[in-house]
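What follows is a set of notes on a single structure, which appears directly below.
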Amino acid sequence: MDDKCYWIGFNLVKGIGAVRMRSLLAKFDSLGDAWNATQANLQEAGLSPKIAETVVKIRTEVDLEGLWRKNSDEGINILTWDDELYPRRLKEIEQPPPVLFIRGDVTVDDHFAVAIVGTRRITPYGRQITEDLASFLAGQGLTVVSGLARGVDAVAHSAALKAGGRTICVLGSGVDRIYPPEHTQMAEKIIKQGAIVSDYPVGTAPDAANFPPRNRIISGLSMATVVIEAGETSGALITAGFAADQGREVFAIPGSILAPQSKGTNKLIQQGAQPLLSPQDLLQALNLTRAGEYKAARRAIPADAFEAQVLSILGEQPVHVDDIRNQTGLPIEKVSATLTLMELKGMVRQVGGMNYVSVSEQQENYDA
């Protein structure tokens with residue numbers, strides 16, 4: 001059984017988050033051992049009697065391998081702390097989610113990401129600012145992160161997509177339960193130009209209690225969070241709070257002191273958030289005026305000898321994975337794993353039938 005099956009299993013248990021998962025990993029030799037442990041041993045690892053009892057109950061009811069196959073069949077990728085592709089910025093926060101469910105692709109380019117959040121009751125002023133900012137960031141090669149909600153979130157995703165950029169939405173439900181439902185079509189586009197992400201198990205329905213916790217992922221994936229418009233009790237302020245706690249930059253768009261949608265943003269500025277007066281100011285504040293060059297360098301430099309060896313074989317003409325294996329002399333498992341990682345980095349591309357080509361800067365510009 002794949003070790004990730006056990007991560008999926010513990011993810012089903014309410015009350016097991018980052019802290020308790022670390023306790024389990026510290027106590028047992030493997031997560032498989034933890035999954036099959038007695039209730040007493042689970043309690044010794046730091047689980048409460050109720051949570052330990054829940055683990056024992058769930059493991060008798062759940063087919064972990066069946067869940068794994070279901071996720072795979074539905075095109076849902078799973079990342080855990082053990083995965084190299086787990087977003088580095090997110091892993092740096094105090095309590096990163098142990099498991100991420102993903103539709104689409106999270107790539108190393110998403111290291112350069114900015115969250116745009118705000119009210120559902122967006123004004124014409126807020127809409128214009130959101131469209132301009134998201135389009136500008138996407139045009140600069142930065143990933144736009146938001147929550148797919150009505151209002152500012154939806155406008156930010158839409159503008160990034162129209163600009164040909166990458167965007168990530170973080171759900172307060174399973175990645176198979178798009179909310180709000182009228183954004184289903186937008187979600188399909190996001191999958192092609194970014195990713196839908198959630199730490200909730202597949203099948204989890206959207207619930208009001210789920211949304212505040214997911215906001216820590218929105219801010220955690222991002223270098224900075226920009227609040228466009230927000231009332232005094234807006235959920236966007238929760239995201240800004242998480243960003244500040246995570247040591248990330250917080251920006252707010254100033255607005256009229258008479259506008260309800262600007263009361264939250266103006267208060268953020270009063271409390272120390274940076275007022276954002278132009279998109280260029282954001283790049284300068286984050287030292288991202290050369291973001292494109294940084295990203296190109298990250299892709300151009302192979303991470304290890306295996307990547308360098310594979311890259312030396314590939315060019316504009318497709319090469320089959322078996323030919324790569326024969327020329328490198330590497331085991332097929334190592335070749336496949338290396339190619340998968342290089343594809344996510346944007347260094348190579350699969351062009352059908354397990355054939356690969358290298359990705360040049362010219363190709364990337366054309367695809368954009």
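The values are calculated or read from the model by the stated rules, or taken from the named source; none is laboratory data. Because the structure is predicted, anything quoted here is derived from the model rather than measured. Using ideal geometry, Cβ is built from the backbone for each residue, glycine included, and neighbour counts are taken over all protein chains shown. Calculation scope for accessible area: heavy atoms of the full protein, side chains included, ligands and nucleic acids excluded. Shrake-Rupley method; radii C 1.70, N 1.55, O 1.52, S 1.80 Å.
The table that follows gives values for the structure above.
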| item | result |
| --- | --- |
| Subset of region 247-260 [open to solvent by 40 Å² or more (accessible area, probe 1.4 Å) and either at pLDDT 95 or above or on the phi < 0 side of the Ramachandran plot (or both)] | E249, P254, S256, I257, L258, P260 |
| Residues being within 17 Å of S135 (Cβ to Cβ), crowded, with 16+ Cβ neighbours inside 10 Å and at pLDDT 90 or above - total across region 267-286 | 3 |
| Meets criteria (without any contact (Cβ under 8 Å) to a residue 24 or more places away in the chain and in contact with a helix residue (DSSP H, G or I) (Cβ under 9 Å, 6 or more places away or on another chain)) for I257 | yes |
| Region 3-51 - residue that is within 23 Å of K70 (Cβ to Cβ) and open to solvent by 70 Å² or more (accessible area, probe 1.4 Å) and, of those, farthest from the chain's Cα centre (by Cα) | N36 |
| Subset of region 256-284 (residues that are closer than 24 Å to A113 by Cβ and part of a loop (DSSP other than H, G, I, E, B)) | Q271, G272, A273, L276, L277, S278 |
| Candidate set: region 107-130, residues that are farther than 15 Å from F251 by Cα and either without any contact (Cβ under 8 Å) to a residue 24 or more places away in the chain or out of contact with any helix residue (DSSP H, G or I) (no Cβ under 7 Å at 6 or more places or on another chain) (or both); chosen: the one most open to solvent (accessible area, probe 1.4 Å) | R120 |
| Output for region 197-223, where each listed residue is surrounded by fewer than 20 Cβ atoms within 10 Å (Cβ to Cβ) and charged (D, E, K, R) | D207 |
| Hey, R103 open to solvent by 40 Å² or more (accessible area, probe 1.4 Å), in a strand (DSSP E or B) and under 28 Å from R22 (Cα atoms) or not | yes |
| Of residues in region 63-86 being in contact (Cβ under 8 Å) with a residue 24 or more places away in the chain and in a helix (DSSP H, G or I), the one nearest to W35 (Cα to Cα) | L64 |
| R89 open to solvent by less than 70 Å² (accessible area, probe 1.4 Å), part of a helix (DSSP H, G or I), of a type in the set (K, R) and in contact with a strand residue (DSSP E or B) (Cβ under 9 Å, 6 or more places away or on another chain) | yes |
| Yes/no for T233 being closer than 27 Å to D176 by Cα, outside any helix (DSSP H, G or I) and either β-branched (V, I, T) or touching a residue at least 60 places away in the same chain (Cβ under 8 Å) (or both) | no |
| Exclusive hit being farther than 30 Å from F10 by Cβ, touching a residue at least 24 places away in the same chain (Cβ under 8 Å), touching a Pro at 6+ places or on another chain (Cβ under 9 Å) and crowded, with 24+ Cβ neighbours inside 10 Å, set L142, L133, L171 | L133 |
| All positions within region 355-365 that are surrounded by 15 or more Cβ atoms within 10 Å (Cβ to Cβ) and modelled with pLDDT of 50 or more | N355, Y356, V357, S358, V359 |
